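Structure, as structure tokens:
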Amino acid sequence: MELHTGNEIAGVALAGMDLMSRAQAGDGQAFRALTEPHRRELQLHCYRMLGSFQDAEDALQDSMLAAWRGLEGFDGRASLRTWLYRIATNRCLDALRASRRRPPKQWDIPGIEPPEPTGFGDIHWLEPYPDALLDGATTVSPGPEARYERVESLSLAFVTALQVLPPRQLAVLILRDVLGFHADEVADMLDTTVESVKSALKRARAGMQRQLPAIGLERRPESDPATHGSIVARFVSAYEAADIDALVVLFTDDVFLSMPPMPLEYRGRDSVAGFFAFVFGLTQGFQLVPTRANGQPAFGVYLHTPNGIQGVGFFVLTLVGDRIGALVRFEDTVLPAFGLPPLLAPGEL
């Protein structure tokens, strides 16, 4: 273990004070040096709050601008990190008032109707989060009161369930059970009382217990590493070959398919198989490019066309034991966030 002398520790503290003084005096470079170590974790926080990668990026930018404008008033009673979380949380609460009013996208292929869905989802603004951005997003370990592991709190199941909660309950649950802030810290962030925080947390926990099973994604472990690669490889092979039989055997009986921003949902092996049979009946020649999203296997979906290999969508899989328990299909608009191009050259991966 590396040991530091008292003089070294004092020097680090003085350097931090000097940066803060310079930043409060209007030094943009000093401000960036102070806040840059927290950007990734704040972006992830905004994503959990909003469920949308693009909305999270917008909220992060708004938060940093607000922090820059308000830095002169930072008095050091709380840490800079806690102060930034206060700003980001409240910016996200403001954003939620507008984002949840956006209408879902309707099916837009004229003259062709999809199979009858088993349901219609309310969370149509959901977007995936690139695993590539997780480096540096957890520089500080969650507090001792956190109840969720990092991987679980990143999953699409968890993020989807969060979006059903009322905004204030959502914020309290993330701050307390994911990040592990103390109740008095959360009360200060939200300008409320500790009793109000405890009450909101109790209701939020009950809501999460109802929502995770309701969307078919109750807290279940992902497949173990020994079978993980095999399931993913078999899914790619079956999908690219448009082999419905090979695809169906990979699904759990209660497999769940959703496709934000469209509200269509398909639950159960027969229903999901029917939707994929419909897709393969319209077109074939797909190519899947692997990546990772929300700590889960993901794929850019490309289609061979006369004009090239065109990006047409994005899949995220939830693995349950040795089967696929859920698939979320997103539109091709999310591909750039994963460094995936709109067109693939022949043979490109």
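The values are calculated or read from the model by the stated rules, or taken from the named source; none is laboratory data. This structure is a prediction, so every number in the text was calculated from the model and none was measured. Virtual Cβ from ideal backbone geometry, glycine too; neighbours counted across all protein chains shown.
For the stretch 125-138, the count of residues that are among the hydroxyl-bearing types (S, T, Y) and at pLDDT below 85 is at least one.
Taking into account only those residues within the stretch 219-251 that are at pLDDT 95 or above and not in a helix (DSSP H, G or I), which is surrounded by the most Cβ atoms within 10 Å (Cβ to Cβ)? Checked the stretch 219-251; the qualifying residue surrounded by the most Cβ atoms within 10 Å (Cβ to Cβ) is F251. For the stretch 114-132, state whether one or more residues are farther than 28 Å from G281 by Cα, part of a helix (DSSP H, G or I) and out of contact with any Cys (no Cβ under 6 Å at 6 or more places or on another chain). Within the stretch 114-132 (the criterion being farther than 28 Å from G281 by Cα, part of a helix (DSSP H, G or I) and out of contact with any Cys (no Cβ under 6 Å at 6 or more places or on another chain)), the answer is yes, since at least one residue qualifies. Filtering the stretch 168-175 for residues that are surrounded by fewer than 22 Cβ atoms within 10 Å (Cβ to Cβ) and of a type in the set (V, I, T) leaves an empty set. Is it fair to say L317 is in a strand (DSSP E or B), in contact with a Gly (Cβ under 8 Å, 6 or more places away or on another chain) and on the phi < 0 side of the Ramachandran plot? Judged against the criteria, L317 is not a match. Checking each residue in the stretch 248-292 for being of a type in the set (S, T, N, Q), touching a strand residue (DSSP E or B) at 6+ places or on another chain (Cβ under 6 Å) and within 15 Å of R329 (Cβ to Cβ) picks out S258, T291. Select from the stretch 313-349 the residues that are touching a helix residue (DSSP H, G or I) at 6+ places or on another chain (Cβ under 6 Å) and small (G, A, S) and write down the one among them that is surrounded by the fewest Cβ atoms within 10 Å (Cβ to Cβ). Ranking the candidates gives A337 first.
Per-residue answers, yes or no, for (1) outside any helix (DSSP H, G or I); (2) at pLDDT below 95; (3) surrounded by fewer than 21 Cβ atoms within 10 Å (Cβ to Cβ); (4) under 11 Å from the mean Cα position of the chain (by Cα):
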position	(1), (2), (3), (4)
L65	no, no, yes, no
A78	yes, yes, yes, no
L84	no, no, no, no
N90	no, no, yes, no
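The residue that is modelled with the lowest pLDDT, among those in the stretch 293-312 that are surrounded by fewer than 19 Cβ atoms within 10 Å (Cβ to Cβ) and within 19 Å of T333 (Cβ to Cβ), is N307. A200: crowded, with 19+ Cβ neighbours inside 10 Å and more than 19 Å from the chain's Cα centre (by Cα), yes or no? So A200 passes the test. Within the stretch 280-288, is there a residue that is β-branched (V, I, T) and surrounded by 14 or more Cβ atoms within 10 Å (Cβ to Cβ)? No, every residue in the stretch 280-288 fails to be β-branched (V, I, T) and surrounded by 14 or more Cβ atoms within 10 Å (Cβ to Cβ).
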